[in-house]
Amino acid sequence: MAPPTTTTTTTTSSSSSSSSSSPRFSPEEVTVVFFLGGPGSGKGTQSANLVRDYGFSHLSAGDLLRAEQLREGSQYGQMIKTYITEGKIVPMEVTVNLLSNAMREILDNHPPAPGTKARFLIDGFPRKLDQAVFFEQTVCPSELVLFLDCPEDVMEARLLKRGETSGRDDDNAESIRKRFRTFVETSMPVVDDFEKKGKVVNVKATGRVEDVYELVKEGIEARGLHAR
Ligand code: ADP
Ligand code: C5P
Ligand code: MG
């Protein structure tokens, strides 16, 4: 699939829709689940299970940013690379546009069966409070937030191992340290905010992949999300 394009034009058109009162997609038409957790907590791994069993379309903000970084002609390539290597959060308009355009493309190419709502699992987003507010105002309010709770030592070991083969600019000890810091200082406040609103399904993510998945299923089923 071609990476969604992000141009000044789409940024402008999207932000102009932000000034209108309604988001681009309605919760009547789509279900959005945010999937959060520290770097290496297992979001990508568990997403594959959820796509298979629950009919989600998986959108990883990090994957979309990496694709945009590599897209020929992107005006954001170098900027994204720098932010990712430094473990910093890319300015939200770029990420929100990529997500919003990817959702539009999926809905156009794979419309949900009649009588069902499309489901989007948005992995690694929102990582900052402003992203959460902007997305819910301009793209779509979320249904719930799935959070993988994992201690840093476990995440660090997983990321260093992943780094042996991932080819990612940020799976090295120095970037990992920076990403953990950003997670604690910038991203955990997003989880805490959603927690106060009663929207978080909290799952302990230290076990084996299949055991974590059992807990994930328990958590979302309790919120009325069932396999399809
Ligand atoms: P995230 O998307 O949250 O950064 P990933 O799903 O990419 O995390 O997982 C990070 C690394 O840890 C990957 O190499 C993955 O195979 C591995 N991993 C994921 N979940 C587990 C688990 N429960 N136990 C052991 N290793 C895991
Ligand atoms: O989720 P993932 O680990 O793939 O994200 C990699 C990097 O992409 C983050 O460390 C950050 O630099 C960037 N990112 C971002 N905003 C997001 C998600 C990812 O800036 N919402
Ligand atoms: Mg990931």
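Quick test of the membrane-span-like rule: which DSSP H helices of the chain reach at least 18 Å along their long axis (C-alpha atoms) with mean Kyte hydropathy at least -0.5? Don't skip to the answer; put the middle values down first.
Working: long enough: 92-109 (25 Å, 0.16); 152-166 (20 Å, -0.89); 209-222 (20 Å, -0.03).
Those that pass (Cα extent of 18 Å or more, hydropathy at least -0.5) are 92-109, 209-222.
How much area per residue is accessible in the chain when the probe is 1.4 Å and only protein heavy atoms are counted (Å²)? Intermediate results must be reported in sequence, preceding the final value.
Values: 11060 Å² over 228 residues.
I get 49 Å² per residue for this part.
Check each of the trypsin sites (Lys or Arg not before Pro) in segment 169-208 and keep only those in coil by DSSP with at most 13 other C-beta atoms within 10 angstrom; list them in order. Walk me through the intermediate numbers first.
Numbers: sites: R177, K178, R179, R181, K196, K197, K199, K204, R208; in loops: K197, K199, R208.
Those that pass, being in a loop and sparsely packed, are K197, R208.
Tell me the GluC sites (Glu not before Pro) within segment 79-157 that lie in a loop according to DSSP and have at most 15 other beta-carbon atoms within 10 Å. Walk me through the numbers on the way to the answer.
Numbers: sites: E86, E93, E105, E136, E143, E152, E156; in loops: E86, E143.
Answer in residue order: E86.
Accessible surface of I84 in the full protein assembly, 1.4 angstrom probe, to the nearest 10 Å²?
20
For the chain, which whole-number percentage of the solvent-accessible area (1.4 Å probe, protein heavy atoms only) is attributable to carbon and sulfur atoms?
Details: 5790 of 11060 Å².
Summing carbon and sulfur atoms, their accessible area is 52 percent of the total for the chain.
Per residue of the chain, what 222 nm ellipticity follows from adding -39500 (n - 2.57) for every DSSP H run with n ≥ 4, rounded to the nearest 500? Can you show the working numbers first?
Numbers: 10 runs with 119 residues, N = 228.
Rounded to the nearest 500, the figure is -16000 deg cm²/dmol.
The values are calculated or read from the model by the stated rules, or taken from the named source; none is laboratory data. In this text, all values refer to a predicted model and were calculated from it rather than measured experimentally. Neighbour counts are summed over all protein chains in view; Cβ atoms, including those assigned to glycine, are modelled from backbone coordinates with ideal geometry. Side chains included, ligands, DNA and RNA excluded: accessible areas come from the protein's heavy atoms. Shrake-Rupley method; radii C 1.70, N 1.55, O 1.52, S 1.80 Å.
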